[in-house]
Amino acid sequence: MSCFSPPVMLATFMIEIGLALYVGWRYTLDAVSKLSIAILFFLAVFQLAEYNICEGSFGVDSLSWARIGYVAITLLPPLGFHLASRIAGRRNRTMLMAAYGSAALFAGFFALTGHGISSSACLGNYVIFQSAPMAIGWYAFYYYGWLLAGTFYCLSHAKKASAPHISRALRGLAAGYLVFIVPTTAVNIVDPATIKGIPSIMCGFAVLLAVALVGVVLPEYYRQRQLATRTSSQKTSQTQGA
């Protein structure tokens, strides 16, 4: 469990914010790259919030940092689903409205109500958060529900995709989801005492999602974009030549 200690939180923050900057530099700022940057940014914000809960930096109290962190991770499921739908070339307005709408409700609850997040504690290896008991079950349903929906959505549309690069991008995103869902669940099964630290532990593993996003998903997606642009240019040249 030492892999979730404050020094690692800070290192993870630096990796994720560095990857966000890299994506902004490497790729054209379109919907896919912007959503990817947003995901990496909010992952980094949560790590920074955790670190500051433990170290008390920047003169902001730990409870405020806990609220900032919770708002950051609450926005991740709809952003991930939105990214998957963009890569697949689908709109899914109804589902996106439901995803962002539910995220807004939880983010507002955690940020603006006194009992949304009532306390947090740094245990040295990970951070635990105390939230309103009535919200815990609903929030878990929201979070895991959209993560699983995003995973199955990626796998389903990867099978349907006619372009191999798009299929690989979607499979890569599904793998990115699973590499932090499955280990977190395994840790909780092995040690049920870690359940209160799920956000901290899950986002510790989420650096693997960040690596999959930048190392597999985006390169595959933009290879397909380049291929499509090249094919379109060749067709235009042939038409003009004729």
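Taken together, the values in this text are just the output of simple stated rules run on the coordinates, not laboratory data. Note that this is a predicted model, so its numbers are computed, not measured. Cβ: placed from backbone, ideal geometry, glycine included. Neighbour counts: every protein chain shown.
Report the FRET efficiency, 1/(1 + (r/R0)^6), for residue 118 and residue 208, where r is their Cβ-Cβ distance and R0 is 41 Å, rounded to 0.05. Plugging the Cβ-Cβ distance into 1/(1 + (r/R0)^6) gives 0.85.
Here residue 11 and residue 130 are evaluated by their C-beta separation; at R0 = 35 Å the FRET efficiency comes out at 0.85. Subtracting the Cα-Cα distance of residue 190 and residue 64 from their residue separation scaled by 0.36 nm leaves 42.3 nm.
When peptides 34-41, 135-142 are sorted by average Cβ neighbour count within 10 Å, with the highest value leading, the order is 34-41, 135-142. Let me know the shape class of the range 1-149, please: from the alpha-carbon gyration tensor, a ≥ b ≥ c as square roots of the eigenvalues, rounded when a/c is under 1.5, otherwise prolate if a/b is greater than b/c, or oblate. Note, shape of the range 1-149 comes out oblate. Applying the Karplus relation 6.51 cos²θ - 1.76 cosθ + 1.60 with θ = phi - 60° to the range 39-53 yields 3J(HN,Hα) values of 4, 5, 5, 6, 4, 5, 4, 5, 5, 5, 4, 4, 4, 6, 4 Hz, where x marks Gly and Pro. Per-residue packing, averaged as other Cβ atoms within 10 Å, sorts the ranges 147-157, 101-111 into the order 147-157, 101-111, beginning with the highest.
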